[in-house]
1. In the range 539-561, which residues are assigned to a loop (DSSP other than H, G, I, E, B), small (Gly, Ala, Ser) and within 15 Å of the ligand (Cβ to nearest atom)?
2. Taking Val479 as the residue in question, decide whether it is touching a Leu at 6+ places or on another chain (Cβ under 7 Å), away from the ligand (no atom under 16 Å from the Cβ) and closer than 21 Å to Asn597 by Cβ.
3. Out of the residues in the range 447-469 that are away from the ligand (no atom under 16 Å from the Cβ) and surrounded by fewer than 20 Cβ atoms within 10 Å (Cβ to Cβ), which is nearest to Arg385 (Cα to Cα)?
4. With the condition kept exactly as written, say whether any residue in the range 513-527 is in contact with a helix residue (DSSP H, G or I) (Cβ under 7 Å, 6 or more places away or on another chain), touching a residue at least 24 places away in the same chain (Cβ under 8 Å) and on the phi > 0 side of the Ramachandran plot.
5. Would you kindly identify the helices (runs of 4 or more DSSP H) lying entirely within the range 341-446 that contain at least 3 residues that are touching a residue at least 24 places away in the same chain (Cβ under 8 Å) and within 16 Å of the ligand (Cβ to nearest atom)?
Amino acid sequence: MKNKLKIIAVLQSRMGSSRLPNKALLKLNGKPAILRMVDRIKEAKTIKEIWLATGKSKINNKLENCFSNTKIKVFRGDDDDVLSRFVEISKIAKADIIIRLTGDCPLIDPKIIDETVELLINRKADYASNILKRKFPDGLDVEVFTKKTLLETGEFAEAGFSREHVTTYMHGLHKKKYRKGDFKKASLEYTSDFSHLRWTLDEEKDHIFLDKIYKNLPANASWQDIVSYLIKYPLLQLNNNIVAPNEGARDLSALNFDKYKISNSYFERSIKTVPLGSQTFSKSYIQWPKGVAPLFIDRAQGAKVIDIDGNHYVDYIMGLLPIVLGYCDEDVDQAAISQIMKGTIFSMPSSLEAELAEKLVEIIPSAEMVRFGKNGSDVTTASIRLARAYTDRDLVAVSGYHGWHDWYIGSTSRNIGVPKKVQSLTHKFNFNDADSLHSLFKKFPNKFAAVILEPAGLVKTDISALKRIRELCTSNGVVLIFDEIISGFRINIGGAQKEYGVTPDLSCFGKAMANGYPLSAIVGSKKIMTFMEEIFFSSTFGGENVSLAASLATIKKIEDNKVILKTKNYGDILIKELNNICIKEGVDKYIKISNLNWWPKILISNPPIGEELFVSLLRQEFISAGLLIGSTFNLCFSHRNKGVLELTMKGFRTAIKNIKFFVSSKNPSEYLKGDLIQKTFKVR
Ligand SMILES: Cc1ncc(COP(=O)(O)O)c(C=O)c1O
């Protein structure tokens, strides 16, 4: 377009970002982000000159140096009053029209810049932009205004937020809080809404995302090319969706809100239609100091989650252990998405069933044949039915937790609803205690069909006791079942059976085997597993393809990356550091971390106040310090990500210091701001 107006672009940037220091100079495919952005701005046909507007303080010297070999003019002005920098530049440059761009948008699109300028001119507007009604991805923000608009704004915009964010007085989007001018505005909108996409550079995750974009696409790819690429590789975008909204545009005074307001009000809604407000006891409100705890999660990434109020946490619950790699693992989710595009479930098995079965046979010592379920309870129940059919006996001996079905839950204190006759068929024995099992066998000779136990749990396994249990089962004709729903894919790729060298007849896997996709497996010797053809174990969603594909990808990643070894190493470090904190704060008499590196537990013994109050306060303080911790540290590969250990130690130290203060106060209960947590039944 030809016109006589002098149109300049002013790119504001600074080095002192709190969330991502020096972000302007971070490399995107080998070149600093800010220079990548300039390369794209230069493509805009309407621009006569490009200016960099930065602060006077020394910290920005590096930024200025970065432009020494370019034709970009650099202006250094007031560190906080960014608006004044724009006013000064417009005067020095004798500009008629100014384009405001912010340095956190390395994918800025030159066509959008030109279209916004043309819109301002054609509509004879004072201000034009694509942020008035957001339709473009976040990170393509362009604002254009006339010099007259800028000078009026420079004169009337209030100190603080409006001057830091330059255009508040022009666009009037915060008109309830900040003064606004009376300008003719024009809004550039796209026909479809892409505003949910986040392409700004504010956090480390954004950097990874943008670097990948620059590595995989030409540097001058249009924004639509990038969208097309993301449709093909959706996980790339998912990976940076966890971060909080654009740092620059955040009005910090708005953060003073009740931290759990949405969780608490959503609970009032959900409890009306969902008994317990949750599908799982351990995920429900009774486990948390309700009122000052998040009750609902919105999204998760790696080892971090965000609740529905927008609070961030490092998570050590990991969805109750299915997440072994990290939330939204790119490789696993990509495998799942590829399978979704082929079909989730068919009228006959897919080839994935045999492929995954073969993989399990390869890695798990007891596995010769395999069947799949969805929950752990599906396969523990299948294993008991199979053992009963195989031995033609009824009694079952249990040690640990084995799911919600009648045959097991009837043996616990939550046995309501289970017929007495069923309850009488299940007997408990003690973990690590072969004698207690032997006594049962002697009391009911030739009556036991199965022994089911968790071969590795919160207490260190006595391998000799495990070997004796193996012998006792063999000599009494009893099917030995290992419940490896928790230990599987965590203690060893072949389960606790591989770790300890004791092979059961049948084993059950679930939780971590597909990094969060619903899948479980029963595996065992051919001679028993072929009995599957006689019993009834059959379900519509058995063999659902997405979870099978996810499982194959999960196991591959665990093997390729030495995930189990590295996660255990993290466990060792965590145990050492957190125990050091407990010792330093003098609370180690009553709180310690157990030294099982694959599954550390918080050991609480004789706390100075009632245990329920103590645990409630502990969880309250962990949450307030940004940590989601139950009674164990459920680890995943992503806990090793940069900064996670530091955040954990910082939060843990703060929580422990507060706890120490509370328990030594006159009335510790006054520090509990939410409800007491409720006891759940204990089975381990
Ligand atoms: C050892 C063990 N077995 C079985 C189950 C039951 O699994 P699900 O809840 O997936 O049915 C669990 C669940 O926590 C478990 O920890």
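1. So in the range 539-561, the residues assigned to a loop (DSSP other than H, G, I, E, B) come out as 539-544, 561.
Narrowing the set further to residues that are small (Gly, Ala, Ser) leaves 539, 542-543.
Passing the criteria: Ser539, Gly542.
2. no
3. Going residue by residue through the range 447-469, those that are away from the ligand (no atom under 16 Å from the Cβ) are 447-449, 460, 462-465, 467-469.
With the extra rule that they be surrounded by fewer than 20 Cβ atoms within 10 Å (Cβ to Cβ), the set shrinks to 447, 460, 462-465, 467-468.
Values: Lys447: 15, Lys460: 29, Asp462: 28, Ile463: 27, Ser464: 28, Ala465: 26, Lys467: 24, Arg468: 24 Å.
Among those that are away from the ligand (no atom under 16 Å from the Cβ) and surrounded by fewer than 20 Cβ atoms within 10 Å (Cβ to Cβ), it is Lys447.
4. Here is the first cut: in the range 513-527, the residues in contact with a helix residue (DSSP H, G or I) (Cβ under 7 Å, 6 or more places away or on another chain) are 513-523.
Adding the requirement that they be touching a residue at least 24 places away in the same chain (Cβ under 8 Å) leaves 513-523.
Narrowing further to those that are on the phi > 0 side of the Ramachandran plot: 515-516.
There is at least one residue in the range 513-527 that is in contact with a helix residue (DSSP H, G or I) (Cβ under 7 Å, 6 or more places away or on another chain), touching a residue at least 24 places away in the same chain (Cβ under 8 Å) and on the phi > 0 side of the Ramachandran plot.
5. Details: elements: 352-363, 376-391, 406-409, 420-423, 434-443.
So the answer is 376-391.
Per-residue answers, yes or no, for (1) more than 30 Å from the chain's Cα centre (by Cα); (2) part of a strand (DSSP E or B); (3) of a type in the set (D, E, K, R); (4) closer than 30 Å to Leu647 by Cβ:
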| site | (1), (2), (3), (4) |
| --- | --- |
| Leu5 | yes, no, no, no |
| Ile8 | yes, yes, no, no |
| Met15 | no, no, no, yes |
| Leu20 | no, no, no, yes |
| Val38 | yes, no, no, no |
| Thr46 | yes, no, no, no |
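Residue-wise test of (1) touching a Cys at 6+ places or on another chain (Cβ under 8 Å); (2) aliphatic (A, V, I, L, M); (3) outside the structural domain of Phe531 (by TED's automatic domain parsing).
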{"position": "Gln334", "(1), (2), (3)": "no, no, yes"}
{"position": "Ile337", "(1), (2), (3)": "no, yes, yes"}
{"position": "Glu358", "(1), (2), (3)": "no, no, no"}
{"position": "Pro365", "(1), (2), (3)": "no, no, no"}
{"position": "Arg371", "(1), (2), (3)": "no, no, no"}
{"position": "Tyr401", "(1), (2), (3)": "no, no, no"}
{"position": "Thr412", "(1), (2), (3)": "no, no, no"}
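Conditions (1) small (Gly, Ala, Ser); (2) on the phi > 0 side of the Ramachandran plot; (3) in a helix (DSSP H, G or I); (4) more than 12 Å from the chain's Cα centre (by Cα), marked per residue:
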site	(1), (2), (3), (4)
Arg299	no, no, no, no
Asp309	no, no, no, yes
Tyr313	no, no, no, no
Gly319	yes, yes, yes, no
Leu325	no, no, no, no
Val332	no, no, yes, yes
Ala335	yes, no, yes, yes
Gln339	no, no, yes, yes
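The values are calculated or read from the model by the stated rules, or taken from the named source; none is laboratory data. Everything numeric in this text was worked out from a predicted model, so none of it was measured. Here Cβ is always computed from backbone atoms with ideal geometry, including for glycine, and neighbour counts include all displayed protein chains.
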